[in-house]
Amino acid sequence: MDIKLAAVIIHDIKNALGVLEGELEDMTRSPTREQALLAHETCTSLHEKLIGFLTLYKASSQGLNARIEPVNPEDFLNGLLRVHAGGRPELRVTIDRRDMPILGFFDENLVGLALEAALQNATRFARTCIEIGCVKDDAGYLAFTVRDDGSGLGTKEEKPSTGLGMELCRAIAQAHRKGDQCGSVSLGNRPEGGAEFRLRVP
């Protein structure tokens, strides 16, 4: 793992712990349901960052081994949305079921971790909606997509991303191998506006 990336991620986690500490301190004075929900959201985000960091560390030091199993993509995506903690209840998150295969072969825990990171990223930029989907592409790869209706790549943020999400997704994609074929990830702008994340596994 790149030392600079690790340092940035650890610093980001430290800051998140500071935010959580402040939110919990506020709750000791005059606890409200809104404060509890906010603290829970921060805790969930911190938990996901730690899992992502540890997974990426394992990938760089030991390598990731994908446990490939037959999975129904629609059931998998439905399950992903049920546990997704978006933090923006006004956002509409839907599943594009067009051309979705009945069966795919992938590690649902690793792919779920990657798509959750992509969903969190899309949540930061989307205006009104996010759409996720899964198709078999022309090369025979299973392609998962996360699309948003934001301003697209290059949008400036007050708090820049650590880069953990894409590094994690890349490691997860590359853990999926079939002969000489290997998974991949990409992030680009959509012609109609917004960004599209794509994770392909053979």
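The values are calculated or read from the model by the stated rules, or taken from the named source; none is laboratory data. Values in this document were obtained by computation on a predicted structure and should not be read as measured data. No Cβ is skipped: glycine too gets one built from the backbone with ideal geometry, and neighbour counts run over all protein chains shown. Side chains included, ligands, DNA and RNA excluded: accessible areas come from the protein's heavy atoms. Shrake-Rupley method; radii C 1.70, N 1.55, O 1.52, S 1.80 Å.
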message: If I go through the range 6-37 residue by residue, how many of them are in a helix (DSSP H, G or I) and either among the basic types (Lys, Arg) or modelled with pLDDT of 75 or more (or both)?
response: 18
message: Within the range 56-66, does at least one residue satisfy the condition of being assigned to a helix (DSSP H, G or I) and of a type in the set (A, V, I, L, M)?
response: yes
field: Count of the range 13-39 residues which are surrounded by fewer than 12 Cβ atoms within 10 Å (Cβ to Cβ), among the charged types (D, E, K, R) and under 22 Å from residue 89 (Cα atoms)
entry: 2
statement: Checked the range 113-153 for anything assigned to a loop (DSSP other than H, G, I, E, B) and either out of contact with any Pro (no Cβ under 8 Å at 6 or more places or on another chain) or open to solvent by less than 10 Å² (accessible area, probe 1.4 Å) (or both); matches are 126, 127, 128, 137, 138, 139, 149, 150, 151, 152, 153
query: Picking from 94, 42, which residue would you name as being surrounded by 16 or more Cβ atoms within 10 Å (Cβ to Cβ) and hydroxyl-bearing (Ser, Thr, Tyr)?
result: 42
